[in-house]
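Asker: This is the structure I want to talk about, given as structure tokens.
The values are calculated or read from the model by the stated rules, or taken from the named source; none is laboratory data. For clarity, every value in this text was computed on a predicted model and none was experimentally measured. Backbone-built Cβ (ideal geometry, glycine too); neighbour counts: all protein chains shown.
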Amino acid sequence: MNKASLSICLGIAWATLSFCTELSFCTAAEARKPNVVIVFTDDQGSVDAGCYGTKDIETPNIDALAKRGVRFTQFYAAAPVCSPSRAGLLTGRYPVRAGVPGNVSSQRGNSGLPVEQVTFAETFKAAGYATAHIGKWHLGYEPKTMPGGQGFDYTFGHMGGCIDNFSHFFYWNGPNRHDLWRNGKEVHMPGRFFGDLMVEEATTFIEKNQKKPFFMYYAINMPHYPYQGDPEWLERYRDVKYPRNLYNAFVSTFDARIGKLLSKLDALGLREDTIVIFQSDHGHSTEVRAHLGGGSAGPYRGAKFSLFEGGIRVPAIISWPGHLPADEVRQQVAHSCDWLPSVAELCDIPLVEKDIDGQSIAAVIRSASAKSPHEVIHWTIGNSWAVRSGGWKLIGNPRDTSNKGTLGKDDKLFLVNLERDRSEMTNLAGKHPDEVQRLKRLHDRWKTGLQKK
């Protein structure tokens, strides 16, 4: 072979090698699935972030997330209390179908989310993801129902409903019980602020798994009582009326920790490879331990424990820079059970359990003109229930924990039209009996269907 022929052959071989290498690189890049981080706050009011209209709380990091993503204005929690709301998010099923109709026990040895339920973590783990739970759990306090038994490779946080953020003892009732765990083993870190520990544990997990896709359920335990904001934020809000001053300081405190978490993704060059979801588990608390309030539902009636809008309409944002729209708002109705099928679609992974109640809102996220997949949504808590169809909403045995108005014996069935009056202060049941019957039939059929499954 002469030099000219050899040169041509070498050129062809080099071009072929380069093409194959480039193709291999592209294939590898395309094969990488996006990371997923769900930031789930606790007892945050419907409007308590700057991007949701509050004027007296500084939330620069939540607001920045909305600037880089899509913000929902009609997004609903699965329930107005902690455990069932979390069960709905993690399984994509209505809480009553997920086996968690109300709050589960915060004492060791008690069960919670049934192990046969398939969680977000189990779905993503089956697709090759590393999985982590950081923060609050409140879905079972025995090994099989703690995070390690529900699909999470790594777990750090408290198993009960709430803790003091410095001693890490259960806060709600006595006798005082320590509640801080890492991977199923109790750990003691007295004096360390839990919000900072969450950031540290999350950072360690992200650094360790940055080369492969990961799913993180980052369940912030704030602004759930006890209100323990940073000193600088308490000083910042010193002139705000009590108890709003304490609540505001706590919201800004956890917003700062969200900023640290997002900064770590940026520093590692992972932001465009990571879907970040932000949502509150339900409305603000008016319990005595929460100083009888502090949070706000803005124009909405209700709070935690209530099926009026203030108990279930929550802040919700999704951000994936470079892949999803930025600085856009969606007014379509959506529900926290929707995150599982939606994120699975965005990540192109199969659902392990297809019999769920959530529906993909991927099209809605991408387009303001897409139709909501929900014609009807249901809620239950205790003996209260609610059903929404279009703009109409019917509440059975309503409870108003915001005390914005009184409820009488004629309000056992409470009808509103949210498209005309989002305040829910006037019961329209007497004026629209046909709508009452239509919605009641929807609820009854749904309830009967639950009993058959």
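Asker: Which residue, of Ser389, Ser367, Ser342, Ser360, is small (Gly, Ala, Ser) and touching a Pro at 6+ places or on another chain (Cβ under 7 Å)?
Answerer: Just one listed residue meets the conditions, Ser360.
Asker: On to the next question. Glu58 - would you say it is touching a residue at least 40 places away in the same chain (Cβ under 8 Å), more than 21 Å from Ala386 (Cα to Cα) and over 14 Å from the mean Cα position of the chain (by Cα)?
Answerer: So Glu58 passes the test.
Asker: Can you say whether Tyr247 is in contact (Cβ under 8 Å) with a residue 40 or more places away in the chain, aromatic (Phe, Trp, Tyr) and not in a strand (DSSP E or B), as far as the supplied structure shows?
Answerer: When the stated conditions are applied, Tyr247 passes them.
Asker: Hey, can you tell me all the residues within the range 169-206 that are assigned to a helix (DSSP H, G or I), out of contact with any helix residue (DSSP H, G or I) (no Cβ under 8 Å at 6 or more places or on another chain) and touching a residue at least 60 places away in the same chain (Cβ under 8 Å)?
Answerer: Of everything in the range 169-206, those that are assigned to a helix (DSSP H, G or I), out of contact with any helix residue (DSSP H, G or I) (no Cβ under 8 Å at 6 or more places or on another chain) and touching a residue at least 60 places away in the same chain (Cβ under 8 Å) turn out to be Glu201, Phe205.
Asker: Select the helices (runs of 4 or more DSSP H) contained entirely in the range 335-453, then report the ones holding at least 1 residues which are without any contact (Cβ under 8 Å) to a residue 60 or more places away in the chain and in contact with a helix residue (DSSP H, G or I) (Cβ under 9 Å, 6 or more places away or on another chain).
Answerer: Here the list reads 339-347, 362-366.
Asker: Have a look at His168, His188 and point out the one that is exposed (fewer than 14 other Cβ atoms within 10 Å of the Cβ), more than 18 Å from Phe152 (Cα to Cα) and not charged (D, E, K, R).
Answerer: None of the other options fit; the residue is His188.
Asker: Any chance the range 284-296 includes a residue that's modelled with pLDDT of 95 or more, farther than 22 Å from Pro231 by Cα and among the acidic types (Asp, Glu)?
Answerer: Checking the range 284-296: at least one residue is modelled with pLDDT of 95 or more, farther than 22 Å from Pro231 by Cα and among the acidic types (Asp, Glu).
Asker: Any idea which of Ala127, Ala77, Ala64 is buried (at least 24 other Cβ atoms within 10 Å of the Cβ) and closer than 25 Å to Ile317 by Cβ?
Answerer: Of the residues listed, the single one that is buried (at least 24 other Cβ atoms within 10 Å of the Cβ) and closer than 25 Å to Ile317 by Cβ is Ala77.
Asker: Out of Phe166, Phe152, Phe215, Phe254, I need the residue that is closer than 18 Å to Gly135 by Cβ, assigned to a strand (DSSP E or B) and assigned by TED's automatic domain parsing to the domain that holds Pro60. Which one?
Answerer: Phe215
Asker: I've got another one for you. Across the range 424-445, what is the total count of residues that are surrounded by 16 or more Cβ atoms within 10 Å (Cβ to Cβ) and within 28 Å of the chain's Cα centre (by Cα)?
Answerer: Matching residues across the range 424-445 total 4.
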